[in-house]
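The values are calculated or read from the model by the stated rules, or taken from the named source; none is laboratory data. Just so we're clear, the structure is a prediction, and the values are computed from it rather than from any experiment. With ideal geometry, Cβ positions are generated from the backbone for all residues, glycine too; neighbour counts draw on all protein chains shown.
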Amino acid sequence: MKRDPGVRRDEKRGTWMYALDVPGVDGKRRQELRRGFRTVEQANAAIRARRSEVAAGLVAVPSDDTVAGFAAGWIAALPAEGLEGATIKHYRECLQRLTPTIGRIKLQDLTGQDLDRAYAVLQDAGRSARTIRASHVAAKKMIAEAVRLRVVVRNVADEARPPRAGAAAPKTFPTWTRAQLDHFLGAAAEDPHVAMWTVASDTGLRVGEIVALRWEDVDLDREELVVSQSVGRTAHGTPQVKKPKTASSARTVELDGPLIAVLRAHRKAQAERRLLLGAGYRDHDLVFAEVDGSPTHPNVASKRWAALVRRVAPTIEVPVIRLHDLRHSHCTHLLDAGVRPDVVTERLGHSSVAFTLQRYGHRYAGDQRSGLARLRADAR
């Protein structure tokens, strides 16, 4: 049999060996030696199989990274990809739940069974299926990056068995009925930020979208506003004006008469304040700004709401909710009013109708029975 050019006799051991260039660190080549083949045929077959793996990108570069070490490097690199600080923080926390169990394992030695073991530890500690699945998703993203860098040749998270998506029930949040909302806004009518709370409750805008809203984005004559930017946080927690979080988040939101009246009154009051301060007013064209016109940090808006609702809610017997829960409340009001889910998805800037139904589908509980009743009524 003709000998492969990479195969040669190992004279010291009396066997056959091969030498083959394979990918190394930073794209440099390294020579891989394998010894101990009894026959030249075995060595030929081995080097040809290995050469095929190299051609298919199935050879990992040398790495001593542990799971914890690679995870730390991956998290540190995420800001360069433009991810929000909150998203990075979420991934970090998800992986930190796994590292006590698998953090010291070399990434190249990690298996699906190791991940299953980490999930079992979390389950035994009382973690919910939703929490465990979130950690699985983060691990899968991290290992996908390791595959891209050729640190590993396959994503072993695909071989793991986390809780099924169906078992990881979506998180639910408290909401107000429309009557509770109107009662609260009436009780808080003298609050200096009531216009912001009204816009939040009647449009479903995210907090970052509200504080980034400019007057140039609002057309009161056409009765609509455009969400074209948002204020997010960098990995270090500092505010950052950016494009909406997804393509669907950039959207047009229609306004009704009462809300238009609130915005007109708010704009008039803001103009009077601007005249009063004169050169001391920092005009950024923001709909909602500080007294001197400077931007409002999303956290500041949320804290103001929290202080207000803690003070007012008990006096009118409504539950305490977060500012973001006004968005959830608006969505449930729309669905309860019979607005089509695709219209709700568009208005809220959700990624898909499926997401809207997954998050708020419980609003349709009992619809089979009521639907049948309507069918019978129509048939009479």
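Remarks
- The conditions of being assigned by TED's automatic domain parsing to the domain that holds Glu93, modelled with pLDDT under 90 and not polar (S, T, N, Q) are met by Pro79.
- Subset of the range 116-141 (residues that are β-branched (Val, Ile, Thr) and more than 14 Å from Glu159 (Cα to Cα)): Val121, Thr131, Ile132
- Answer from Ala86, Ala118, Ala129 - the residue that is of a type in the set (Gly, Ala, Ser), out of contact with any Cys (no Cβ under 8 Å at 6 or more places or on another chain) and more than 18 Å from Ala160 (Cα to Cα): Ala86
- Verdict on His328 being within 27 Å of Pro244 (Cα to Cα), modelled with pLDDT of 90 or more and within 18 Å of the chain's Cα centre (by Cα): yes
- Of the residues making up the range 16-58, those that are of a type in the set (Ser, Thr, Tyr), surrounded by fewer than 16 Cβ atoms within 10 Å (Cβ to Cβ) and touching a strand residue (DSSP E or B) at 6+ places or on another chain (Cβ under 6 Å) number 0.
- Among the residues of the range 263-299, the ones that are in contact with a helix residue (DSSP H, G or I) (Cβ under 6 Å, 6 or more places away or on another chain), more than 18 Å from Pro239 (Cα to Cα) and touching a residue at least 60 places away in the same chain (Cβ under 8 Å) come to 1 in all.
- Checked against the criteria, Ala72 counts as without any contact (Cβ under 8 Å) to a residue 12 or more places away in the chain and part of a helix (DSSP H, G or I).
- Members of the range 252-298 that are at pLDDT 95 or above and aromatic (Phe, Trp, Tyr): Phe288
- Search result, residues across the range 82-109 that are within 25 Å of Gln123 (Cβ to Cβ) and small (Gly, Ala, Ser): Gly103
- Filtering the range 90-112 to residues that are without any contact (Cβ under 8 Å) to a residue 40 or more places away in the chain and part of a helix (DSSP H, G or I) leaves Arg92, Glu93, Gln96, Thr99, Pro100, Thr101, Ile102, Asp109.
- Residue that is nearest to the chain's Cα centre (by Cα), among those in the range 340-356 that are assigned to a loop (DSSP other than H, G, I, E, B) and either surrounded by 20 or more Cβ atoms within 10 Å (Cβ to Cβ) or not assigned by TED's automatic domain parsing to the domain that holds Thr246 (or both): His350
- Filter result for Ala265 (small (Gly, Ala, Ser), in a helix (DSSP H, G or I) and within 18 Å of Val207 (Cα to Cα)): no
- Here the condition is being over 19 Å from the mean Cα position of the chain (by Cα), surrounded by 13 or more Cβ atoms within 10 Å (Cβ to Cβ) and not in a helix (DSSP H, G or I); of Val253, Val312, Val300, Val291, it holds for Val253 alone.
- Checked against the criterion of being more than 30 Å from Pro258 (Cβ to Cβ) and outside any helix (DSSP H, G or I), the candidates Pro192, Pro174, Pro162 yield just one match: Pro162.
- Filter result for Ala146 (under 30 Å from Ala56 (Cα atoms), modelled with pLDDT under 95, crowded, with 19+ Cβ neighbours inside 10 Å and not polar (S, T, N, Q)): yes
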